[in-house]
Structures are given as structure tokens and as C-alpha cells.
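Read the structure below first, then the notes.
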Amino acid sequence: MEILHVPLERGLSLKLKGRLDAYWATHLGKELEGAIRSGSDRIVLDFQGIEFLSSAGIGVLLKYYKLLQSVKGTLSVVRPIPLVRNVFDLSGLTQVLLREDADLPPASTEVRESRRAVERNGARCDVYDLQPSASLSCRVLGEAIADLAEPAPGDDCFHLTFPADAFGVGVGALGSGYDDCRDRFGEFLSFGGATFYLPSNGTNVPDYDIMRKNFLPEVHVLNGLACRGAFSHFLRFEASEQRSAVPISALLELLFEQNDGAACGFVMLAETRGLVGAWLRRSPVAAGQSGPFFEHPALRDRLSFSVEPVFPNHLAWVAGVLATRGNAALDGLLRPIAEGHDIHGHMHALAMSYRHIPKGKLEFPETFAGIFDALDGDTLRGLLHLVNDDRPVIGRGESEFVRGVCWAGPIRSFGS
């Protein structure tokens with residue numbers, strides 16, 4: 001089969017020639033997968049050159065038709081020869097897939113919010129104003145890990161729930177209380193009514209609880225940041241034509257800029273090029289350890305670093321808090337996003353198997369529900385605290401992303 005890519009004003013046309021049987025259906029599926037990953041959400045298949053269509057071919061067409069529908073896109077077939085059109089008619093798919101013209105179907109109706117285009121440091125971004133007056137509150141929980149050298153007493157732990165309009169990051173665990181969690185405390189990430197954490201007991205498998213009807217997960221927290229409120233901005237971004245990926249520092253600078261330089265919180269969903277970070281191998285308050293947590297050589301048994309960017313070509317949820325250096329409320333829990341940078345942050349990332357990100361302006365609760373509607377144990381791949389590894393020669397740099405979306409808002413109040 002021959003497959004010719006023809007760019008269109010708002011999508012892509014694939015001109016096909018040959019037989020669309022079981023063998024070539026697999027090849028067409030790969031072409032469609034690549035086109036969608038590259039950002040095409042409206043695809044037209046020109047069937048003028050297709051001389052035979054089998055059930056395997058119909059299967060791949062339906063698969064990607066449904067996938068594009070789920071992200072507000074379209075897949076259409078045009079100009080089939082009479083023999084192939086008859087196959088569509090007999091299969092009952094003429095009204096679903098066929099169009100009489102070779103143009104792209106009309107774009108779906110979208111609400112036109114205030115939107116502006118920004119390009120900076122290899123990132124192309126569309127910024128939507130949601131609620132200009134919206135803001136977040138931030139609660140500072142506990143103290144830095146370095147100050148948790150001695151095991152804490154049973155009451156030295158925060159017991160929190162995170163409803164759908166809240167998010168948080170830090171060191172915590174799911175369980176029945178401090179004593180139950182003491183040897184399992186690890187990185188946690190809460191958002192959208194769900195809590196995910198990576199136990200530090202050697203399993204290396206993220207565990208989670210998701211809000212269901214009247215059930216709201218409780219997480220036991222040693223330290224971290226908990227935000228609640230409404231987001232003021234929504235952003236869509238992708239790497240510019242000159243770059244294959246966007247460094248996270250460039251994205252964070254954009255977020256900070258949109259919030260007028262105020263401290264801000266954000267939740268991001270993005271396709272990864274690779275994540276750079278660290279995760280606990282041992283709970284900071286586990287029994288039997290002594291001395292400062294970050295002291296060598298014991299640190300080797302307590303903390304792991306990514307020796308190279310991890311989870312490439314995955315989907316990642318990232319949440320965190322940003323502020324300028326010198327913010328008295330947050331300084332103990334934030335680190336520079338890049339060497340010598342005035343913007344500091346605390347960010348955790350949950351890596352999961354790849355899924356397409358819906359197009360257009362997205363509402364956060366619906367997007368979260370759509371991504372996790374079929375969550376299973378194989379979906380979650382890892383959870384880590386993102387860092388900028390700027391060590392000379394051996395440093396692995398920072399996390400990078402291909403494209404994604406982000407919800408963000410300024411933090412107007414702090415508490416503890």
C-alpha cells in the first residue's frame with residue numbers, strides 16, 4: 001500500500017492506494033497513531049486508490065474513529081470506489097465514516113474564551129483566561145526532610161483529605177494512621193479527588209485511592225504543600241518546530257509569568273520526553289536509622305535518583321507550587337527550578353502508560369475522570385519528585401515534555 005501525507009488547513013489527509021487487508025491495516029494503524037501523536041486531530045482518508053477493504057481494515061478504521069472522537073477530533077473517509085463503498089453500506093458504517101466531499105468536516109463548536117498565543121524558550125503556548133479573579137490558598141505541612149532526622153511521635157503527622165478542588169504534594173502514605181505508615185512514607189501526589197503515593201518499602205509500585213461517591217481518600221502526611229481553590233488560567237503547549245521537547249523550566253517560567261510573578265500552584269497533564277527526579281527508598285521516620293537523613297553514606301540506602309531521564313513517551317500528571325526565592329512561607333520546601341534561577345518550586349510527577357490528551361480547552365474534573373476511567377495496576381508506572389540535575393558532566397538535566405495542558409492559579413493566602 002502507498003500512503004501519502006497531505007497537510008490540510010486544520011488537519012491531515014492520507015491518500016491511500018492498494019489493498020486495505022489485515023497486513024496493511026496494521027501499517028495504516030501505525031500511520032494514524034503517529035499522526036495523532038504529532039497533533040493531528042482531524043484526519044481525512046482518501047480512499048480513491050483503495051481497491052479492496054476487509055473486516056480487518058474496517059476494524060482499524062473504527063478503532064481510530066472512536067479514539068479521535070474521545071479527544072474531540074474526527075476521522076473521515078472520502079471518495080471510495082463503488083466496490084469499497086458497498087462494503088461500507090453493507091456494514092452499516094456509511095453514515096459513520098463516509099463523507100461526500102474531500103474537505104475536512106467542520107470543526108466542533110467550541111466556546112470562545114479569551115485566548116492569547118505565547119512562544120518562549122522552545123514552547124508554543126495558547127493561554128486561556130478562566131476566572132481572572134480566581135486564586136488558591138496554600139497550607140504548608142511540616143518541615144523539610146532534612147529536619148526529620150529523629151523518628152517523629154505518633155501525633156507528628158497530618159491526616160488530610162483532598163477533595164476535587166484541591167491538590168497537594170509531599171511525603172505521605174495511605175494507611176490507617178502514623179504507626180501503620182511509619183515504614184512506608186514516600187512521595188505522594190493528590191489531585192482531582194485522588195491520592196497516589198510511592199511506598200518506600202521496596203515495592204516500587206505506586207498505590208492509590210480515588211474518590212467514589214461518599215468515599216474521600218485520607219492521606220497521612222509528614223510534610224508537603226496542600227492547595228485549594230480555583231484556577232485562573234488554562235494553557236495548552238507543545239514544542240516549537242525548532243525543538244523536539246520543552247524543558248520544564250521553560251514551562252514553569254511561562255506559568256509564573258501568567259500569574260504576574262505571584263506564588264502559584266498548578267496541575268499539568270503532558271506527554272513526556274523524559275522525567276528527571278528522585279524518590280525515597282526508605283521512610284524518613286523509619287525505625288532503626290540514625291543521623292541526618294541526607295548524610296553519606298547512609299543516603300545511598302535512603303534515596304534514589306534517576307540515572308537517566310525515565311518514562312519517555314509516557315503520560316504524566318505533574319502538580320506543584322512555585323514562588324520566588326525568599327518567600328518566607330515556602331522556602332523550606334522549594335528548590336530552584338534551574339541553576340541560579342529566582343523561581344523555586346516543589347513538583348511531583350505521576351507517570352502512566354500513554355493515552356491521547358483531548359483537544360481544545362479542557363475542564364479539569366472531566367479530564368481527570370476521562371483519563372482514569374479505566375485505571376488499573378498496569379496503567380501507573382512511577383511517582384517521583386522532579387529535580388534539576390545540574391551536576392557538571394554527569395548531571396541529567398531536567399524533565400522535558402512534548403506537549404500537554406496545564407491548569408494554574410495564583411496563591412493569595414498561606415497557612416500551616
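The values are calculated or read from the model by the stated rules, or taken from the named source; none is laboratory data. The model shown is predicted, which means the values in this text are computed figures rather than measured ones. As a convention, Cβ positions derive from the backbone with ideal geometry for all residues, glycine included, and neighbour counts pool all protein chains shown. Please note that ligands, DNA and RNA were not included when accessible areas were found on the heavy atoms of the full protein model with its side chains. Shrake-Rupley method; radii C 1.70, N 1.55, O 1.52, S 1.80 Å.
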Review point. Of these, Arg355, Arg381, which one is part of a loop (DSSP other than H, G, I, E, B), touching a strand residue (DSSP E or B) at 6+ places or on another chain (Cβ under 8 Å) and over 22 Å from Glu143 (Cβ atoms)?
Key: Arg355
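Name the residues in segment 288-312 that are among the hydroxyl-bearing types (Ser, Thr, Tyr) and in a loop (DSSP other than H, G, I, E, B), would you?
Initial filter on segment 288-312 (among the hydroxyl-bearing types (Ser, Thr, Tyr)): 290, 304, 306.
Hits for segment 288-312 are Ser290, Ser306.
Filter segment 123-154 for residues that are among the β-branched types (Val, Ile, Thr) and either modelled with pLDDT of 85 or more or under 22 Å from the mean Cα position of the chain (by Cα) (or both) and give the result.
To start, the set of residues in segment 123-154 that are among the β-branched types (Val, Ile, Thr) comprises 127, 140, 145.
Passing the criteria: Val127, Val140.
Got a sec? Which helices (runs of 4 or more DSSP H) wholly within segment 1-94 have at least 1 residues that are open to solvent by 60 Å² or more (accessible area, probe 1.4 Å) and under 26 Å from Leu362 (Cβ atoms)? I'd like the intermediate steps shown before the answer.
Numbers: elements: 22-37, 55-70, 82-91.
Those helices (runs of 4 or more DSSP H) span 22-37, 55-70.
Which residue is least open to solvent (accessible area, probe 1.4 Å), if the candidates are limited to segment 179-216 and must be part of a loop (DSSP other than H, G, I, E, B) and among the aliphatic types (A, V, I, L, M)?
Of everything passing the filter in segment 179-216, Leu198 is least open to solvent (accessible area, probe 1.4 Å).
With the requirement that a residue be open to solvent by 60 Å² or more (accessible area, probe 1.4 Å) and either among the small types (Gly, Ala, Ser) or within 29 Å of Gly415 (Cβ to Cβ) (or both), what does segment 260-276 give you? Reasoning before the result, please.
We begin by selecting, within segment 260-276, every residue open to solvent by 60 Å² or more (accessible area, probe 1.4 Å); these are 260, 273.
Selection gives Asp260 alone.
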**Study point:** Lone unmet requirement of (1) open to solvent by less than 20 Å² (accessible area, probe 1.4 Å); (2) more than 25 Å from Ser38 (Cα to Cα); (3) at pLDDT below 90 for Leu255
**Key:** (2)
Revision key, fill the gap. Ala338 vs (1) assigned to a loop (DSSP other than H, G, I, E, B); (2) open to solvent by 30 Å² or more (accessible area, probe 1.4 Å): all pass except (2)
Practice item. All but one of (1) buried (at least 18 other Cβ atoms within 10 Å of the Cβ); (2) touching a helix residue (DSSP H, G or I) at 6+ places or on another chain (Cβ under 7 Å) hold for Val318, so report the exception by its number. Key: (2)
**Study point:** Where a residue in segment 344-366 is open to solvent by less than 20 Å² (accessible area, probe 1.4 Å) and its partner, wherever it lies, is part of a helix (DSSP H, G or I) and at pLDDT 90 or above, with Cβ under 8 Å and at least six apart
**Key:** Gly345/Leu252; Met347/Ile248
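Of all residues in segment 277-310 being hydrophobic (A, V, I, L, M, F, W, C) and either in contact with a Gly (Cβ under 6 Å, 6 or more places away or on another chain) or without any contact (Cβ under 8 Å) to a residue 24 or more places away in the chain (or both), which is least open to solvent (accessible area, probe 1.4 Å)? Spell out the reasoning first.
Keep residues of segment 277-310 that are hydrophobic (A, V, I, L, M, F, W, C), which gives 278-280, 285-287, 293-294, 298-299, 303, 305, 307, 310.
Still in the running and either in contact with a Gly (Cβ under 6 Å, 6 or more places away or on another chain) or without any contact (Cβ under 8 Å) to a residue 24 or more places away in the chain (or both): 280, 298-299.
Details: Leu280: 4, Ala298: 34, Leu299: 22 Å².
Result: Leu280.
For the condition without any contact (Cβ under 8 Å) to a residue 12 or more places away in the chain and farther than 17 Å from Leu280 by Cβ, what is the one hit in Ser240, Ser176?
Values: Ser240 fails: without any contact (Cβ under 8 Å) to a residue 12 or more places away in the chain.
From the options Ser240, Ser176, the qualifying one is Ser176.
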Practice item. Within segment 217-252, count every residue that is open to solvent by less than 10 Å² (accessible area, probe 1.4 Å), part of a strand (DSSP E or B) and either within 18 Å of Ala323 (Cα to Cα) or charged (D, E, K, R) (or both). Key: 4
Practice item. Check whether at least one residue in segment 369-377 is buried (at least 18 other Cβ atoms within 10 Å of the Cβ) and of a type in the set (D, E, K, R), and report yes or no. Key: no
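Could you check segment 270-285 and list, in sequence order, the residues that are over 30 Å from Lys359 (Cβ atoms) and either out of contact with any Pro (no Cβ under 7 Å at 6 or more places or on another chain) or part of a strand (DSSP E or B) (or both)? Spell out how you get there, then give the answer.
Residues of segment 270-285 that are over 30 Å from Lys359 (Cβ atoms), as a first pass: 278-285.
Once the filter is applied, which keeps residues that are over 30 Å from Lys359 (Cβ atoms) and either out of contact with any Pro (no Cβ under 7 Å at 6 or more places or on another chain) or part of a strand (DSSP E or B) (or both), segment 270-285 yields Ala278, Trp279, Leu280, Arg281, Arg282, Ser283, Pro284.
Results for (1) of a type outside the set (Gly, Ala, Ser); (2) under 20 Å from Asp260 (Cα atoms), shown as yes or no for each residue.
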{"position": "Ala328", "(1), (2)": "no, yes"}
{"position": "Gly345", "(1), (2)": "no, yes"}
{"position": "Leu350", "(1), (2)": "yes, no"}
{"position": "Ile357", "(1), (2)": "yes, no"}
{"position": "Leu362", "(1), (2)": "yes, no"}
{"position": "Asp390", "(1), (2)": "yes, no"}
{"position": "Phe401", "(1), (2)": "yes, no"}
{"position": "Gly404", "(1), (2)": "no, no"}
{"position": "Gly409", "(1), (2)": "no, yes"}
Review point. What number of residues within segment 116-130 are in a strand (DSSP E or B), farther than 20 Å from Ser249 by Cα and open to solvent by less than 80 Å² (accessible area, probe 1.4 Å)?
Key: 2
